[in-house]
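Read through the structure below, which is laid out as structure tokens, and then see the notes.
The values are calculated or read from the model by the stated rules, or taken from the named source; none is laboratory data. Predicted model only: the values in this text are computed from it and were never measured. Cβ: placed from backbone, ideal geometry, glycine included. Neighbour counts: every protein chain shown. Accessible surface is based on the protein model in full, side chains and every heavy atom, while ligands, DNA and RNA are left aside. Shrake-Rupley method; radii C 1.70, N 1.55, O 1.52, S 1.80 Å.
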Amino acid sequence: LEVELGFGLGRVEALPFVPRSHGSMDVAPDGSRIVVVVNDAGADKSLEVLDLAKGTRQVVGDDRRVSAPIWHIDGNSVTYSIRADSMQTMVSHPLDTVDLPQPLFDGQGAVSPWQWSLDGSTLLYGEGPPKQMALMVWNRETGEKTQIVDASSGSLWAAQFSPDERHIAYTQVGDAGSEVYVVPYPATGQRWLVSGGQGEEPVWRLDTNELVFRRGKGWYSVVYDNEAGFKFAAPER
């Protein structure tokens, strides 16, 4: 595992953990911890929380069927999915307590959590067959699910709310490869292709109007303007 310190300055440092087979991961809201899937000894899989300051790790899930962990906005729990036969269940797992994981909802096929809204009321996630996941939101208060983008043009993943939660960026995998798109939230039927020639794993900057994404082994930045619709510049490495 590595971390880039001082974005854009090229300062990349290895984290103080033994190299292992790490899978999907997410950084806590305050930047102090990482939750990550660890794949060891073939089919064995677990979730671990890594404390970046102390260099310690804590196993929080030892079920082989767990996947795709993300932090809740409060930084006190993680959300992930558990597979049982053909059904997947979204669960919330409190940390630093003795409380057991709590089921949130069942999916029609696979479910993959991507991000909680700032007030913790809405979960941005994917649902559907593994290679045809649609972009969805789930309302924690009402239990209502709303489809934002369907998977008719390819499977969707790695979606993220913009800092003001007026837009959602996501990766779409089609016949020509992966691209990064942005749609308004709530959905209006509009969408914008921002990667313009392959891209995935979008991340919004919190301090500037930039959307960052990966293309191969490089990272690219797109500067955008929200004042009159979503206007954006060409990606720069």
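For the reader, a short list of remarks on this structure follows.
- Scanning the range 93-120 for residues that are open to solvent by 90 Å² or more (accessible area, probe 1.4 Å), among the aliphatic types (A, V, I, L, M) and either within 18 Å of the chain's Cα centre (by Cα) or under 14 Å from K145 (Cα atoms) (or both) yields a single hit, L118.
- Any hit, the range 85-92, residues being open to solvent by 40 Å² or more (accessible area, probe 1.4 Å) and either under 22 Å from D119 (Cβ atoms) or out of contact with any strand residue (DSSP E or B) (no Cβ under 7 Å at 6 or more places or on another chain) (or both): yes
- A176 vs. criteria free of Cβ contacts under 8 Å to residues at least 12 places away in the same chain and either surrounded by fewer than 16 Cβ atoms within 10 Å (Cβ to Cβ) or touching a Lys or Arg at 6+ places or on another chain (Cβ under 6 Å) (or both): yes
- Residue check for L193: aliphatic (A, V, I, L, M) and under 15 Å from the mean Cα position of the chain (by Cα): no
- Selected residue (criterion: farthest from N226 (Cα to Cα)) from residues of the range 121-164 that are among the charged types (D, E, K, R) and surrounded by fewer than 21 Cβ atoms within 10 Å (Cβ to Cβ): K131
- Checked against the criterion of being among the aromatic types (F, W, Y), under 29 Å from V173 (Cβ atoms) and surrounded by 17 or more Cβ atoms within 10 Å (Cβ to Cβ), the range 61-73 contains one or more residues that satisfy it.
- Conditions (1) closer than 14 Å to V183 by Cβ; (2) in contact with an Asp or Glu (Cβ under 7 Å, 6 or more places away or on another chain); number of the one not met by L156: (2)
- The strands (runs of 3 or more DSSP E) found wholly in the range 27-143 and carrying at least 3 residues that are out of contact with any Cys (no Cβ under 9 Å at 6 or more places or on another chain) and either modelled with pLDDT under 85 or more than 21 Å from R166 (Cα to Cα) (or both) occupy 33-39, 45-51, 56-61, 66-71, 77-84, 87-94, 102-106, 110-116.
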